[in-house]
């Protein structure tokens, strides 16, 4: 195996693309080839140097993306995910309760009015009855015992 | 679990797994932090919208890189990208802990700049293979499918780029 072929195997090894069989072959060759060993060392150095050039994911970008996703979720389900949902629901419930209270208050006022009317009607009727009763002449009832009472004794 | 919740969970898993890879790929290709951030943001927002339509979850990585690549190519075509903020981090950003550590950080920074400058000299296709491999963590097969080239071409482009980088870096080591 010439040096270039060996170097290509080294590349594949660092790219995690080398099969186990070829890996054994590579390390056998490396033990016998000084030039390839040097290339392996350089590749190792380059590998770690390139890793150093990788940038950290910026926090601001993360915030922007997550905020964007949050907006998308809210737009998809505005009713259930909006944080103002509970406030809106509370207001709606309050309004409903106020309407119901006003309705029942009006109903009770009507009922009270009807009761008062009925009561006044009853009292006027009572007065009428009293007046009628007073117009009837006085009747004297005299009891008379005209039947004879016969007492029989059986001795 | 409701569909929306499932999508959020799936999205979070994918996002955490690939965000660094996608960001570094976009950043290295575009060499402009602001534009790269916009691209990454667009890609992940598109991903969230497409969570319902991506049935094969194994293809999400391919979907992500293809979408990122398309966004980058669109920007290249419209020539909106100016590579002016790539080397944003410099020596002044280094926190001084100790002399030894400082020296080490300066060396690392220098090396980083040398590698990035060297990569800039490569042509776009050559560089892209390298970025997809090193920052995207993609396999030869995945790169060949994404770029629509043969696996052998992927290997040879990678090999050539590394060869040039090694030759450049070797001078510093010595």
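The values are calculated or read from the model by the stated rules, or taken from the named source; none is laboratory data. Since the model is a prediction, treat every value here as computed from it, not as a measurement. Every residue, glycine as well, gets a Cβ built from its backbone with ideal geometry; the counts of neighbours run over all protein chains shown.
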Residue A:67 fails exactly one of the following numbered conditions: (1) within 9 Å of chain B (Cβ to nearest Cβ); (2) farther than 23 Å from residue B:119 by Cβ. What is the number of that condition? (1)
Given the conditions (1) surrounded by 10 or more Cβ atoms within 10 Å (Cβ to Cβ); (2) within 26 Å of residue B:44 (Cβ to Cβ), every one holds for residue A:120 apart from (2)
Any idea which residue in the stretch A:78-99 is modelled with the lowest pLDDT, counting only those that are surrounded by 12 or more Cβ atoms within 10 Å (Cβ to Cβ) and within 16 Å of residue B:5 (Cα to Cα)? A:81
Subset of the stretch B:48-61 [within 11 Å of chain A (Cβ to nearest Cβ) and either part of a helix (DSSP H, G or I) or closer than 23 Å to residue B:140 by Cα (or both)]: B:48, B:49
Any chance residue A:18 is at pLDDT 90 or above, more than 10 Å from chain B (Cβ to nearest Cβ) and in contact with a helix residue (DSSP H, G or I) (Cβ under 6 Å, 6 or more places away or on another chain): yes
Selection within the stretch B:38-47 - within 9 Å of chain A (Cβ to nearest Cβ) and surrounded by fewer than 20 Cβ atoms within 10 Å (Cβ to Cβ): B:41, B:45
Need a quick list: helices (runs of 4 or more DSSP H) entirely within the stretch A:1-92 having at least 3 residues that are over 23 Å from residue B:169 (Cα atoms). A:20-32, A:59-76, A:78-81
